[in-house]
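Asks: Take this structure, written in structure tokens, and hold onto it; I'll ask about it next.
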Ligand code: FAD
Ligand code: SF4
């Protein structure tokens, strides 16, 4: 008898380690679509379609490649336990072999299944990350503060990416931020426009999944008919190539710009695919570096993209394994406000929020700066409970997984981890939003007005936030000056601003 190779929905990877080590004649692949797992949160329908369609296509590819696959669809599987009971009735394996789950709670769940069926469980190192978990932990443990930049330079050198023979950075600098990150006004002046957002066409298998998702998740947000993402390895490779050909060249320049009606601009939309295993991080980096070597993309753009993948992506995964299980419960700023209802309807008169929420409700996607400096910024300034915020992000995004959400939401956006991820909070007033986007042009509020009738709510919320947390941020060298400036203002002026912020929050 052979082994059961259990493949989870976010491990549909052509280089899956259990397949590489397995036997087509003795082993059997098991894949389960669990209705209970899919209904654990109110996931966006595009996320559900993406995962199940990628799983069904992957199963078909494995069968075509000579594997025996035991596949349990939504229609006939209430939960993992039911799928496993039927699988055991059919195939008496000697043990379970799988890639290490990407999330801690999944590792607990598969361990419980192995125990329930008294089967030895072998977990193989995942290939979906470039840095091994133990390796990152060995580097990070005992450090008082972890800097992404230090990790990133170490990775560049270790992996030999964009470094010369001496281990020095290509182009003479580790980053080109001064050249990247142009404002909205520069984007408009440059006249580069934006390529149409990418879109994949659903085939018959995906259309069946769309019908199932509609049937089994009637309360989930999102319109299945508008599903737009690739679900196979072949489509994912084309998606990567199209990004490199059409958008990578401008990626760095407009990385932080936001334009109404342009959901993607020059971003890659690769996270939904990399996070499921349809693409490997190294091949995405290699494709970008090759484009620079061939003269198809400038170094600042390529370095900016490489930094996101081998820098941020690997770093947040490492922080997750370093800090879990407690990390997702962090509430370092003592924030307890309920999530405003408009986060689920998109109906608000703050135009920046309306634009960005409308986009995520329709597509399950926002690019980074929208997630951080519009939504995260608002949740931070409004003092929304980090657990509620995390739940909302987990539900809405097609690329959401606990390992990536934890540090991004709790650490980066909400500063709820006591400042471990970021030395200062990512807080911004309307000046930042009106510089980086055109959202304010069509807004009923005035971004330049600091308080009073018609003033942008971000302006009063910003100062009320620093007023609320002045004791903490007065002692932070990166915010001390700002807090001192606030404290020097007339008491009556400060009171007026704080009261206006409180009034706004009370009306949410
Ligand atoms: P690009 O801008 O094209 O970047 C290229 C790639 O770099 C991405 O595909 C991704 O793989 C990687 N990357 C870039 N930044 C990060 C980062 N901070 N953390 C991890 N990987 C990164 N990313 C997710 O994958 N899933 C999430 O659920 C998620 N939620 C987030 C929530 C908040 C509040 C914030 C601030 C960030 C979040 N991110 C998340 C990180 C980042 O915003 C997304 O990875 C990125 O926007 C995905 O779009 P893209 O593929 O077009 O990215
Ligand atoms: Fe957002 Fe304020 Fe600008 Fe309106 S004025 S779009 S609320 S930043």
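The values are calculated or read from the model by the stated rules, or taken from the named source; none is laboratory data. None of these values were measured; they are calculated from a predicted model. Cβ placement follows ideal geometry from the backbone for every residue including glycine, while neighbour counts extend to all protein chains displayed.
Asks: Look at residue 194 and say whether it is in contact (Cβ under 8 Å) with a residue 60 or more places away in the chain, in contact with a strand residue (DSSP E or B) (Cβ under 6 Å, 6 or more places away or on another chain) and assigned to a loop (DSSP other than H, G, I, E, B).
Replies: Here the answer is yes, as residue 194 does meet what is asked.
Asks: Now a separate question. Taking the options 388, 402, name whichever one is under 12 Å from the mean Cα position of the chain (by Cα), more than 8 Å from ligand 1 (Cβ to nearest atom) and surrounded by fewer than 24 Cβ atoms within 10 Å (Cβ to Cβ).
Replies: None of the other options fit; the residue is 402.
Listed here are the residues, each with its yes/no results for (1) within 15 Å of ligand 1 (Cβ to nearest atom); (2) at pLDDT 95 or above; (3) more than 17 Å from residue 220 (Cβ to Cβ).
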| residue | (1), (2), (3) |
| --- | --- |
| 346 | no, yes, no |
| 350 | no, yes, yes |
| 359 | yes, yes, yes |
| 366 | yes, yes, yes |
| 372 | yes, yes, yes |
| 375 | yes, yes, yes |
| 384 | yes, yes, yes |
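Asks: For residues that are assigned to a helix (DSSP H, G or I), away from ligand 2 (no atom under 16 Å from the Cβ) and within 22 Å of residue 508 (Cβ to Cβ), tally how many sit in the range 372-415.
Replies: 14
Matching residues to (1) free of Cβ contacts under 8 Å to residues at least 24 places away in the same chain; (2) in a helix (DSSP H, G or I); (3) closer than 22 Å to residue 369 by Cβ:
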{"position": "426", "(1), (2), (3)": "no, no, yes"}
{"position": "440", "(1), (2), (3)": "no, yes, yes"}
{"position": "448", "(1), (2), (3)": "yes, no, yes"}
{"position": "452", "(1), (2), (3)": "no, no, no"}
{"position": "458", "(1), (2), (3)": "no, yes, yes"}
{"position": "466", "(1), (2), (3)": "no, yes, yes"}
{"position": "477", "(1), (2), (3)": "yes, no, no"}
{"position": "501", "(1), (2), (3)": "no, yes, no"}
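Asks: Would it be correct to say that residue 100 is modelled with pLDDT of 95 or more, surrounded by fewer than 15 Cβ atoms within 10 Å (Cβ to Cβ) and within 18 Å of residue 274 (Cα to Cα)?
Replies: Judged against the criteria, residue 100 is not a match.
Asks: While we're looking at this one, here's another question. On the given criteria, is residue 110 farther than 25 Å from residue 249 by Cα, assigned to a helix (DSSP H, G or I) and more than 23 Å from the chain's Cα centre (by Cα)?
Replies: Answer is yes for this residue.
Asks: Restricting attention to the range 276-300, and to residues there that are surrounded by fewer than 22 Cβ atoms within 10 Å (Cβ to Cβ) and assigned to a loop (DSSP other than H, G, I, E, B), which single residue is nearest to ligand 1 (Cβ to nearest atom)?
Replies: 280
Asks: Take residue 439 and tell me if it is crowded, with 22+ Cβ neighbours inside 10 Å, more than 16 Å from ligand 1 (Cβ to nearest atom) and within 24 Å of the chain's Cα centre (by Cα).
Replies: Judged against the criteria, residue 439 is a match.
Asks: Only one of these conditions is not met by residue 335: (1) over 21 Å from residue 365 (Cβ atoms); (2) within 14 Å of ligand 1 (Cβ to nearest atom); (3) part of a loop (DSSP other than H, G, I, E, B). Which number is it?
Replies: Unmet for residue 335, out of (1) over 21 Å from residue 365 (Cβ atoms); (2) within 14 Å of ligand 1 (Cβ to nearest atom); (3) part of a loop (DSSP other than H, G, I, E, B): (2).
Asks: Please enumerate the residues belonging to the range 258-275 that are outside any helix (DSSP H, G or I), touching a residue at least 60 places away in the same chain (Cβ under 8 Å) and within 13 Å of ligand 1 (Cβ to nearest atom).
Replies: Those that are outside any helix (DSSP H, G or I), touching a residue at least 60 places away in the same chain (Cβ under 8 Å) and within 13 Å of ligand 1 (Cβ to nearest atom): 258, 262, 263, 264, 265, 266, 267, 269, 275.
Asks: Filter the range 314-342 down to residues that are surrounded by 22 or more Cβ atoms within 10 Å (Cβ to Cβ) and within 27 Å of residue 263 (Cα to Cα) and give me whichever is nearest to ligand 2 (Cβ to nearest atom).
Replies: Top of the filtered list is 315.
Asks: OK, next. Specify which of the listed residues (303, 255) is under 20 Å from the mean Cα position of the chain (by Cα), more than 12 Å from ligand 1 (Cβ to nearest atom) and at pLDDT 95 or above.
Replies: On inspection, the qualifying residue turns out to be 303.
Asks: Here's something else I'd like to know. Would you mind finding the one in 250, 180, 208 that is within 16 Å of ligand 1 (Cβ to nearest atom) and at pLDDT 95 or above?
Replies: Answer to the check: 250.
Asks: Based on what the data block shows, is residue 216 surrounded by fewer than 21 Cβ atoms within 10 Å (Cβ to Cβ) and in contact with a helix residue (DSSP H, G or I) (Cβ under 6 Å, 6 or more places away or on another chain)?
Replies: yes
Asks: Turning to a different aspect of this structure: If I ask for residues that are in contact with a strand residue (DSSP E or B) (Cβ under 6 Å, 6 or more places away or on another chain) and closer than 17 Å to residue 310 by Cβ, which ones from the range 96-154 would you list?
Replies: Correct list: 126 only.
Asks: Could you tell me which of the residues 454, 431, 418 is at negative phi, more than 14 Å from ligand 1 (Cβ to nearest atom) and surrounded by fewer than 18 Cβ atoms within 10 Å (Cβ to Cβ)?
Replies: 431 is the lone residue from the list that is at negative phi, more than 14 Å from ligand 1 (Cβ to nearest atom) and surrounded by fewer than 18 Cβ atoms within 10 Å (Cβ to Cβ).
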